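*Asks:* This is the structure I want to talk about, given as structure tokens.
The values are calculated or read from the model by the stated rules, or taken from the named source; none is laboratory data. Bear in mind that the values here come from a model prediction, so they are computed numbers and not experimental data. Glycine gets a Cβ as well: all are built from the backbone with ideal geometry, and neighbour counts include every protein chain shown.
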Amino acid sequence: MKTIKSIALFCGSSEGRDIRYRSAAEEMADLLYHHRVTMVYGGGNRGLMGIAAERLYSQGGEVIAVMPRLFDRSDVRIKSVEAKMIVTDTMHERKARMYEMSDAFVAMAGGVGTFEEILEVFTWLQLGLHTKAVALLNTAGFYDPLLTFLHHAGGEGFIKQELLDALIVDDDPARLLSRIAVFSPHLGDKLS
């Protein structure tokens, strides 16, 4: 079992319609605090990302906010973690900083930004650019349609089964973190 010291948490800047998304963000923050895991995230004060960051920080947990200058405004920027705020010039720099500071990646419910971030690190896992866990917290079956599509793409010969098997998917935050702690990728060479 490896020690996970930091997790990049990708999630919505909205709360969504189902109260279970908020509950999952709060539970994830509580678990990160309990396990002394730093949360690395996009720096906003809104939606699920703000809920998780504020809750973890209010308990005394460590939160590192990485925000592109584009969003560095008083109505978006989270105030409570100001001392741990990193401002980057571009979105690309923001993601690169988040990725290098994180031992694993978790996507909770969110929109296209969340999808883009988790799919990028999933692609990097496929290419061997990292060997970190990539996980979906599938609250209320949120990611079921994406999983159906990924398996369809696999069935059509575009995604290897070993990569699909490497994606950690769980609807329980505690079980998800346990699975991340024992993650060990067994992927072949994508380029061969």
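*Asks:* Look through T131, T123 and report the one residue that is exposed (fewer than 15 other Cβ atoms within 10 Å of the Cβ), free of Cβ contacts under 8 Å to residues at least 12 places away in the same chain and within 17 Å of the chain's Cα centre (by Cα).
*Replies:* Numbers: T131 fails: free of Cβ contacts under 8 Å to residues at least 12 places away in the same chain.
None of the others qualify; the one that does is T123.
*Asks:* Something else now. Six or more apart or on different chains, Cβ under 7 Å: which pairs go from a residue in the range 15-37 that's among the basic types (K, R) to one that's not in a helix (DSSP H, G or I)? Could you list them?
*Replies:* Taking only residues 6 or more apart or on different chains, the pairs are R22/E15.
*Asks:* Out of (1) among the small types (G, A, S); (2) under 20 Å from S23 (Cβ atoms); (3) touching a helix residue (DSSP H, G or I) at 6+ places or on another chain (Cβ under 8 Å), what's the single condition that is false for G141?
*Replies:* In the conditions (1) among the small types (G, A, S); (2) under 20 Å from S23 (Cβ atoms); (3) touching a helix residue (DSSP H, G or I) at 6+ places or on another chain (Cβ under 8 Å), G141 misses (3) alone.
*Asks:* Shifting gears a bit: So, of the residues in the range 11-36 that are of a type outside the set (S, T, N, Q) and in a loop (DSSP other than H, G, I, E, B), which turns out to be surrounded by the most Cβ atoms within 10 Å (Cβ to Cβ)?
*Replies:* Filtering the range 11-36 for residues of a type outside the set (S, T, N, Q) gives 11-12, 15-22, 24-36.
From what is left, the residues that are in a loop (DSSP other than H, G, I, E, B) are 11-12, 15-18, 35-36.
Numbers: C11: 33, G12: 23, E15: 17, G16: 21, R17: 9, D18: 13, H35: 16, R36: 11.
So the residue we want is C11.
*Asks:* For A8, are the conditions met, namely being modelled with pLDDT under 95, in contact with a strand residue (DSSP E or B) (Cβ under 6 Å, 6 or more places away or on another chain) and in a strand (DSSP E or B)? Lay out the reasoning, then the answer.
*Replies:* Values: modelled with pLDDT under 95: no; in contact with a strand residue (DSSP E or B) (Cβ under 6 Å, 6 or more places away or on another chain): yes; in a strand (DSSP E or B): yes.
No; evaluated as a whole, the condition is false for this residue.
*Asks:* Kindly check whether there is at least one residue in the range 151-167 that is buried (at least 16 other Cβ atoms within 10 Å of the Cβ), out of contact with any helix residue (DSSP H, G or I) (no Cβ under 6 Å at 6 or more places or on another chain) and among the small types (G, A, S).
*Replies:* Yes, the range 151-167 contains at least one residue that is buried (at least 16 other Cβ atoms within 10 Å of the Cβ), out of contact with any helix residue (DSSP H, G or I) (no Cβ under 6 Å at 6 or more places or on another chain) and among the small types (G, A, S).
*Asks:* Step by step: first the residues of the range 37-53, then only those that are of a type in the set (V, I, T) and within 14 Å of V66 (Cα to Cα), then the one that is surrounded by the most Cβ atoms within 10 Å (Cβ to Cβ). Which residue is that?
*Replies:* Result: V40.
*Asks:* Another question about this same structure. Return the only residue of L119, L136, L129 being at pLDDT below 95 and either assigned to a loop (DSSP other than H, G, I, E, B) or not charged (D, E, K, R) (or both).
*Replies:* None of the other options fit; the residue is L129.
*Asks:* Return a yes/no flag: does the range 158-168 have any residue that is modelled with pLDDT of 95 or more and either closer than 22 Å to N45 by Cα or within 14 Å of the chain's Cα centre (by Cα) (or both).
*Replies:* Within the range 158-168, one or more residues are modelled with pLDDT of 95 or more and either closer than 22 Å to N45 by Cα or within 14 Å of the chain's Cα centre (by Cα) (or both).
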